[in-house]
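In what follows, a structure is listed as structure tokens, so that the remarks can point back to it.
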Amino acid sequence: MNRRRMVAASLAAAGLAHLAKPRPLAAQGTALPLTPACEGDARVTRRQTEGPFFRPASPAKRDLRGDGSGDMLVLSGFVLTPQCRPVPGARVNLWHADADGEYDRSGFRFRGHQFTDDAGRYQFITRVPGLYPGRTRHFHVKVQAGRGPVLTTQLYFPDEPRNARDGIFDRALLMEIRPADGGRLGRFDFVIPA
Ligand SMILES: [Fe+2]
């Protein structure tokens, strides 16, 4: 079995396990461990274009549920150094389309930033972004530690039919997505350059 199939099989198994025994999102949302799972070296997260809809000066906001409708999604993870050390106080900026695939071009719906906690963790509570022409489903993110370089990238959903046809889709940027009672749990750890 090749690695891709193994990853798919293990993700499917994890998804089934969670379908069989869902726990409320609210209870799982803060369930990120205190230490990252990786050991030794980690590969720096790949960069992607910020696209045409970035707006600077987003509000400090981690709960974006009130910005529109759609399925709830709790996105969490660590910000890490290439040596796999958590980075506290890193700025994580998220922006994405609403359920209709529209970006808020004049305001800050589905746009917000926060800083990682003492354990290097971030978490957003938001809605699943909708599709728009030419792209698969995705989040946009910028991550920055202090005044260091800004890592701009995008995050993707597994099992999206459009992934195969999206020219900039990168499977290295797939979130781990699990169904949960009331929505979905997304997980992605960012590794920023030293
Ligand atoms: Fe986009």
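The values are calculated or read from the model by the stated rules, or taken from the named source; none is laboratory data. Bear in mind the structure is a predicted one, so any value in this text is a computation, not a measurement. When we count neighbours, we look across all protein chains shown, and the Cβ atoms used for this are built from the backbone with ideal geometry, even at glycine. With ligands, DNA and RNA removed, areas are computed over all heavy atoms of the protein, side chains included. Shrake-Rupley method; radii C 1.70, N 1.55, O 1.52, S 1.80 Å.
Annotations for the structure displayed:
- Residues that are within 16 Å of the ligand (Cβ to nearest atom) and among the aliphatic types (A, V, I, L, M) within the stretch 140-160 comprise 141, 155, listed in sequence order.
- Considering only residues in the stretch 125-139 that are touching a residue at least 60 places away in the same chain (Cβ under 8 Å) and within 16 Å of the ligand (Cβ to nearest atom), the one that is farthest from residue 80 (Cα to Cα) turns out to be 130.
- Considering residues of the stretch 77-106 that are of a type in the set (Gly, Ala, Ser) and open to solvent by 20 Å² or more (accessible area, probe 1.4 Å) only, the residue farthest from the ligand (Cβ to nearest atom): 89
- The condition (being away from the ligand (no atom under 15 Å from the Cβ) and in contact with a Lys or Arg (Cβ under 6 Å, 6 or more places away or on another chain)) is satisfied by just one residue among 71, 67: 67.
- Residue satisfying all of: in the stretch 113-133; farther than 22 Å from residue 78 by Cβ and out of contact with any strand residue (DSSP E or B) (no Cβ under 7 Å at 6 or more places or on another chain); least open to solvent (accessible area, probe 1.4 Å) among these: 130
- Leading residue by the ranking (surrounded by the fewest Cβ atoms within 10 Å (Cβ to Cβ)) among those in the stretch 138-194 that are over 20 Å from residue 100 (Cβ atoms) and among the basic types (Lys, Arg): 147
- Selection from the stretch 90-100 of residues that are within 25 Å of residue 189 (Cα to Cα) and part of a loop (DSSP other than H, G, I, E, B): 90, 96, 97, 98, 99
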